[in-house]
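To start, the structure itself, in structure tokens.
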Amino acid sequence: MNSSSNPSTITLPSSPTCSPYSNTSPKIALIDYGRGNLRSVFRALQSVGANVTILSSPDQFPSFDALVLPGVGAFGDCIAGLQIRGFWNHLLNWLNDQRPYLGICLGYQILFEQSEESPGIQGLAYWKGTVRRFPSKPGVKIPHIGWNQIYLGSSSPLFTPSNQGSFVYFVHSYRPIPHDTGIITAWCEYAGERFAAAAGCGPIQAVQFHPEKSQTVGLGILKNFVEFLRSQIRK
């Protein structure tokens, strides 16, 4: 694949609530903070066996097995949206209780302390580190848009050995720089540097790329997350 290819997106069906689920289908809340690629993420998770609900308020948090937070736009806007809709403190408590979470793009970045994109705005600070913009270099296009390869780091339920060197789809100008490199579960190379394409520790997992736009590889990663949740339900 090359970076000029268009990603495959998945269209939301007209009646998603009619889809059958097994008794062990994980119940996933897809957080709606007013922005984000919810439709394609919803359909992708549903296609790999999850029982998905789009949630616009935090009242029903306890009834779910996992939270998924996709995000597009600016770091500060994402945080403002979560605060305005009442998600912020509930999300902090969810993470502190070590309950399953998958962050996608901005949903990954806000796990860190702060971002150069929105100076003075505090992130969730679940992990120590800063989100920084790719450096401007001759011949390097920012944002980083298109297909690129990932290389596996620390163990993660999202990845299997077959994901080594897989192509996934990116759209971003900023990337997290974790203080603890041990949480980095996948690397990618862009703008002459190696950056953290994914990070995770236990049930808290996050990726910078868009699995819902990454065709078969991306759906496989989401399926791995759903299977991880299913294994926790059975315990």
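Throughout, read-outs are computed from the coordinates displayed, never taken from laboratory work. Since we're looking at a predicted model, the values are computed, not measured. Neighbour counts run over all protein chains shown; Cβ positions are idealised from the backbone, glycine included.
Residue 169 - would you say it is over 25 Å from residue 27 (Cβ atoms), within 16 Å of the chain's Cα centre (by Cα) and of a type in the set (Ser, Thr, Tyr)? Against the criterion (over 25 Å from residue 27 (Cβ atoms), within 16 Å of the chain's Cα centre (by Cα) and of a type in the set (Ser, Thr, Tyr)), residue 169 qualifies. The residue list 82, 67, 92 contains one member that is under 30 Å from residue 233 (Cα atoms), free of Cβ contacts under 8 Å to residues at least 40 places away in the same chain, in contact with a Phe, Trp or Tyr (Cβ under 6 Å, 6 or more places away or on another chain) and of a type in the set (A, V, I, L, M, F, W, C), which is 67.
Report the residue count in the stretch 105-133 for those that are surrounded by 14 or more Cβ atoms within 10 Å (Cβ to Cβ), outside any strand (DSSP E or B) and not polar (S, T, N, Q). Even if it seems obvious, please write down each step before you answer.
Looking only at the stretch 105-133, we keep the residues that are surrounded by 14 or more Cβ atoms within 10 Å (Cβ to Cβ), and these are 105-115, 117-118, 121, 123-127, 129-133.
Cutting the leftovers down to outside any strand (DSSP E or B) gives us 106-113, 117-118, 121, 123-127.
Among the residues that remain, those that are also not polar (S, T, N, Q) are: 106-108, 110-113, 117, 121, 123-127.
Within the stretch 105-133, residues that are surrounded by 14 or more Cβ atoms within 10 Å (Cβ to Cβ), outside any strand (DSSP E or B) and not polar (S, T, N, Q) number 14.
To keep it simple, each residue is scored yes or no on (1) in contact (Cβ under 8 Å) with a residue 40 or more places away in the chain; (2) touching a Ser or Thr at 6+ places or on another chain (Cβ under 8 Å).
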{"residue": "88", "(1), (2)": "no, no"}
{"residue": "138", "(1), (2)": "no, no"}
{"residue": "148", "(1), (2)": "yes, yes"}
{"residue": "163", "(1), (2)": "yes, no"}
{"residue": "183", "(1), (2)": "yes, yes"}
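Within the stretch 134-161, if we keep just the residues that are small (Gly, Ala, Ser) and more than 14 Å from residue 189 (Cβ to Cβ), the residue that is surrounded by the most Cβ atoms within 10 Å (Cβ to Cβ) turns out to be 156.
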